[in-house]
Amino acid sequence: MVKSNNQHIYVGLGTLSVLLLGAFIVYKTKKLKKKQVQIIGQRSIDLSVFDSPDLPGSGNCMDRQLIFMLQQLEARTGYPIFNWINSGARSPSHNSKVGGVSNSSHKMPTCKAVDIKASTTFIRNHLVSVARDVGFKRIGVGRTFVHLDTDNLKSQYVAWGYPSGTPAEVNPFV
């Protein structure tokens with residue numbers, strides 16, 4: 001096979017073009033992600049909405065990844081998620097009082113779970129669907145609320161109903 005004297009130049013220029021295009025795409029992708037984080041992160045969240053009723057200030061322990069995902073859920077649904085928090089952080093005594101399980105992800109110091117009011121079946125089902133899309137992998141489905149948590153030490157891609165042990169009325173993972 002006979003090669004032209006300039007073939008190595010064309011191969012080099014083609015390789016350089018591909019590398020530069022790849023670098024440009026990576027740069028633009030990272031820049032776009034940063035803008036989205038800044039837009040979502042601009043709203044300050046009043047952590048007292050997560051307080052255990054018997055321990056003011058306890059909402060400060062809430063998992064920051066959970067809060068970020070709740071901000072995404074609020075942005076995608078248009079629902080006032082932070083106004084609909086039923087339960088966030090729980091002291092051990094409050095967890096017992098409300099019938100929470102002993103290893104609840106709500107309990108301090110874990111603070112990786114919330115219950116969100118859902119006044120209608122449509123809102124509840126919409127929350128469940130969008131929560132899955134946002135990245136929640138543990139979803140409890142009650143008649144009037146949705147439990148969301150980010151506890152990676154527990155089973156993932158699961159949905160359950162209440163009382164505990166009953167199947168979820170809507171399961172986004174099947």
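The values are calculated or read from the model by the stated rules, or taken from the named source; none is laboratory data. Quick caveat: nothing in here was measured; it's all calculated off a predicted structure. All Cβ positions, even for glycine, are placed from backbone atoms using ideal geometry, and neighbour counts span all protein chains on display.
Worth pointing out:
- Residues of the range 19-45 that are modelled with pLDDT of 75 or more and surrounded by fewer than 10 Cβ atoms within 10 Å (Cβ to Cβ): Ser44 alone.
- Lone unmet requirement of (1) over 24 Å from Pro167 (Cβ atoms); (2) touching a residue at least 60 places away in the same chain (Cβ under 8 Å); (3) buried (at least 19 other Cβ atoms within 10 Å of the Cβ) for Val114: (1)
- Candidates Gly140, Gly135: the one that is buried (at least 18 other Cβ atoms within 10 Å of the Cβ) and assigned by TED's automatic domain parsing to the domain that holds Lys112 is Gly140.
- Some residue of the range 49-59 being modelled with pLDDT under 75 and surrounded by 10 or more Cβ atoms within 10 Å (Cβ to Cβ): no
- Tallying residues that are in contact with an Asp or Glu (Cβ under 9 Å, 6 or more places away or on another chain) and among the β-branched types (Val, Ile, Thr) within the range 129-164 yields 4.
- When residues of the range 71-86 are limited to those that are outside any helix (DSSP H, G or I) and touching a residue at least 40 places away in the same chain (Cβ under 8 Å), the one farthest from Ser164 (Cα to Cα): Tyr79
- Candidate set: the range 92-102, residues that are in contact (Cβ under 8 Å) with a residue 12 or more places away in the chain and within 23 Å of the chain's Cα centre (by Cα); chosen: the one surrounded by the fewest Cβ atoms within 10 Å (Cβ to Cβ): Val101
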